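In what follows, a structure is listed as structure tokens, so that the remarks can point back to it.
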Amino acid sequence: MSATDRNLQEAFAGESQANRKYLAFADKAEREGYKQVARLFRAAAHAETIHAHAHLRAMKGIGDTAANLKEAVAGETHEFKEMYPAMIEAAKQEGHKAAERSFTYANEVEKIHAALYQKALDSLDSPVETDIHVCSVCGYTCEGDAPDKCPVCAANRNAFVKID
């Protein structure tokens, strides 16, 4: 791999992380009453997304929808089969309960994401439109109506957000 390819991967990862971090910072600033600071963090997060997408395009990391779905299935499967189990175990051994819970929730949800991506890939030629809801506590994702209780974290129905 060339130095430029490594740099593109590093830049993509950094910009992607900055986007998520700045959105979390914006939520905190908003809750603390700093609306202008929250707006600034959201603006910077949007700019970081623009940078990340440009890097991803330069890496030729966006294929057609079928290829993108296959990559998503592979990525989610890697996370729940290999990445998160090791992280969960390390958090248990270190007694880091918050990390263990975070990793466990993510691990369970990645299984669901992989299945939803595979379902979308399998029905790409005859898609069915349906509502999609996400639990704002753990990320559980479902088609159709939100459940009364989240099957991953037991949050109530009002924790779910409908995704447009």
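Every number here is computed from the coordinates shown, using simple stated rules; none is lab data. In this text the structure is predicted, and so the values were computed from the model without any measurement. Positions of Cβ are generated from backbone atoms using ideal geometry, with glycine treated the same way; all protein chains shown enter the neighbour counts.
Between SER102 and ALA47, the contour length at 0.36 nm per residue exceeds the alpha carbon distance by 17.1 nm.
Ranked by the mean number of other Cβ atoms within 10 Å of their residues, highest first, the peptides 146-156, 31-41 come out as 146-156, 31-41. Think of each Lys and Arg Cβ as +1 and each Asp and Glu Cβ as -1; about the Cα centre, that makes the dipole of the chain roughly 600 debye. Please report the relative contact order for the chain, taking Cα pairs under 8 Å with a sequence separation of at least 6, and give it as a percent rounded to a whole number. Computed value for the chain: 15 percent relative contact order.
Cβ crowding within 10 Å, taken as a proxy for footprinting-reagent exposure, orders GLU30, GLU10 from fewest neighbours to most as GLU10, GLU30.
Counting charges near GLU15 (Lys, Arg +1; Asp, Glu -1) among other residues having Cβ under 12 Å from its Cβ returns a value of 0.
Available extension along the chain between ASP122 and ALA66 is 19.2 nm, counting 0.36 nm per residue and deducting the alpha carbon span. Packing here is the average count of other Cβ atoms within 10 Å per residue, and on that basis the peptides 56-64, 98-106, highest first, run 98-106, 56-64.
With a cut-off of 15 Å between beta carbons, the residues surrounding GLN36 carry a summed charge of +2, where Lys and Arg count +1 and Asp and Glu -1.
All other residues whose Cβ lies under 13 angstrom from that of GLU89 are scored, Lys and Arg at +1 and Asp and Glu at -1, for a net of -2. Nearest 0.05, what FRET efficiency do GLU143 and ARG39 give at R0 = 30 Å with Cβ-Cβ as r? Working from the Cβ atoms, E equals 0.35.
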